[in-house]
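To start, the structure itself, in structure tokens.
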Amino acid sequence: MSGLRDRLLRLRSTQAAQAERLAGMPESPAASSMENPVPSSINSPMPSSMDNPIDTSAVVPGPDIADGVAVHASIAFNNGVLRTSAGDDNRAAHADPKHVDEESEPHKQSLEPAWEELGVQLIESADGDFLVRESRYPLAHWHGSHRLAELVETQPALAAFNRADSDDHGVMNLLFLDLETTGLGVGAGNVPFMVGLAYMLDDMFIVKQMLIRHPAEERAMIGYLRALLPSFTHLVTYNGRTFDWPVLYNRFILHGHRSFEWNPVHIDLLHPSRSVWRNTLVSCRLSHVEEERLGIKREDDVPGSLAPAIYFQYLADANPEPLLGVFEHNETDMLSLAALAIRFGHFLGGGMGTRIPLPDEAEELLRTGLWLERMGKAELAESLYARFAVHERPSAKCLCLLAERDKKCGNWHRAVLLWQKAVHLSADLTWPDYEAHIELAMYYEHRTKELEQALLLAEQALEMAARRQAGHRVQSKRRTELDLIRKRIERLRLKRSKG
């Protein structure tokens, strides 16, 4: 009890001291002086879709900023890229369709010089503050082997990603999204401290990166995103269906935006990348795909895996300088997303062999064709199948893959040729695959009634299967396969004996 009594006495003494300090302070300004703090030109109603409208009092509408937020900015052209940066005397000269009001008011606060060197802008709202860094690229800009202007050309072909129930009336407004987060999970403890967005506006490609200097600023950033996102019809990410969008949507829920509804066509480019390159490239990480297939070479890049550690270091020492590397890494990711979307747009638009080179490797030819067929572009896929069928270095596995597709389509002539080619290739392999032997055995048994050929192939398959299992513990799946081959051989021998 004595400990509790001591704490209560200390609390009372603290409150008494506070009361004494307040007694000596000047009175607050008269309420009448605050009756109309907002100029009538910017005191406009906010969209009704917002749960927590952003207060426009004492803020300045700035370039490319959604309703109710503002910024002082200066503009600089560096290496062909237009960047806006914080400043007190100059304002950005250009504005987006999202910008509603041209009136301005002075900032309540300014950024420290260390932040200004990063080219960020201070955004103020009723929910708090956060930072935005904006870069503008002309569409003539090359990123790797693609110009950003090709996005305009290939955008119609990307409509193949649309859902069957999509009601976009031919309108496509692409938004590229990439997050930098404090962790790898999608739970409430994983905070997106940087949100990278990119989109085309007129003749520019705009990369906009939002940063929170501490977790308390996240609410203001989420409110800003709520106003901005619904103006786009398509969301383009890389692994965003599993990670980026669930993480971001959870933050909307946590900050009270439960009524927020935005249902864009989500184009997650990780899935087509895996479909086309999963066995051709060592990895399907964006940094590897861009280097191997898009001609993009990163220099002095901060790996994404280090971004959380750099942010935590900033929270500890308040030095924002290392965050420049995170900004640049995220910006390159946004440009690479656009370049990858261009590449798949050329795939879907029939640009292989003209706008982009045809794959050299047989498996990439095949898997590109299979993906195009799944996307409803069978006529484009067929030319790739034809090239694959005469390729000098196909694998037996891939030959069986295309043969299986032909079997389902009823193209038995090419399927048989592919199986025969796979059987021939398997004879020279140390670790042969007997899938083609079984498929041909079934074909000869059931379709052409050539029992001797079927029996020979089945016996060869059993020999290969037994050789593969020699010296290894036979798993139940492999044991079942061996039993099925033995039963096939017994059935074929019985059929042959009956003549």
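Here is a yes/no grid of residues against (1) surrounded by 14 or more Cβ atoms within 10 Å (Cβ to Cβ); (2) of a type in the set (A, V, I, L, M, F, W, C); (3) within 30 Å of Leu348 (Cα to Cα):
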| residue | (1), (2), (3) |
| --- | --- |
| Pro156 | no, no, yes |
| Ala164 | no, yes, yes |
| Leu175 | yes, yes, yes |
| Thr182 | yes, no, no |
| Gly185 | no, no, no |
| Ala188 | no, yes, no |
| Asp203 | no, no, yes |
| Ile212 | yes, yes, no |
| Ala216 | no, yes, no |
Q. Hey, among the residues in the stretch 293-312 that are more than 18 Å from His141 (Cα to Cα) and of a type in the set (Gly, Ala, Ser), which one's surrounded by the most Cβ atoms within 10 Å (Cβ to Cβ)?
A. Ala307
(Q) Can you confirm whether Gln460 is modelled with pLDDT under 95, surrounded by 15 or more Cβ atoms within 10 Å (Cβ to Cβ) and either among the polar types (S, T, N, Q) or within 26 Å of Arg493 (Cα to Cα) (or both)? (A) yes
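Counting just the residues of the stretch 229-244 that are part of a helix (DSSP H, G or I) and within 10 Å of Trp262 (Cβ to Cβ), which one comes out least open to solvent (accessible area, probe 1.4 Å)? Let's see the steps before the verdict.
Applying the first criterion (part of a helix (DSSP H, G or I)) to the stretch 229-244 yields 229-231, 240-244.
Adding the requirement that they be within 10 Å of Trp262 (Cβ to Cβ) leaves 229-231.
On the way: Leu229: 3, Pro230: 67, Ser231: 55 Å².
Out of the qualifying residues, it is Leu229.
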Q | Selection count where residues are within 18 Å of Ala338 (Cβ to Cβ), part of a helix (DSSP H, G or I) and of a type in the set (A, V, I, L, M), scope the stretch 277-325 | A | 2
Q. Can you find even one residue in the stretch 423-440 that is of a type in the set (D, E, K, R), out of contact with any strand residue (DSSP E or B) (no Cβ under 6 Å at 6 or more places or on another chain) and at pLDDT 90 or above?
A. yes
Q. Which one of these does Asp333 not meet: (1) farther than 30 Å from Asp301 by Cα; (2) acidic (Asp, Glu); (3) in contact with a strand residue (DSSP E or B) (Cβ under 7 Å, 6 or more places away or on another chain)?
A. (1)
Q: Output the residue which, of all residues in the stretch 120-146 that are part of a strand (DSSP E or B) and aliphatic (A, V, I, L, M), is surrounded by the most Cβ atoms within 10 Å (Cβ to Cβ).
A: Val120
Q) Does the stretch 263-277 contain at least one residue that is over 16 Å from the mean Cα position of the chain (by Cα), surrounded by 15 or more Cβ atoms within 10 Å (Cβ to Cβ) and closer than 21 Å to Asp360 by Cα? A) yes
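The values are calculated or read from the model by the stated rules, or taken from the named source; none is laboratory data. Values in this document were obtained by computation on a predicted structure and should not be read as measured data. Please note: Cβ atoms are built from the backbone with ideal geometry, for glycine as well, and neighbour counts cover all protein chains shown. These area figures cover heavy atoms from the full protein model, side chains too; ligands, DNA and RNA do not enter into them. Shrake-Rupley method; radii C 1.70, N 1.55, O 1.52, S 1.80 Å.
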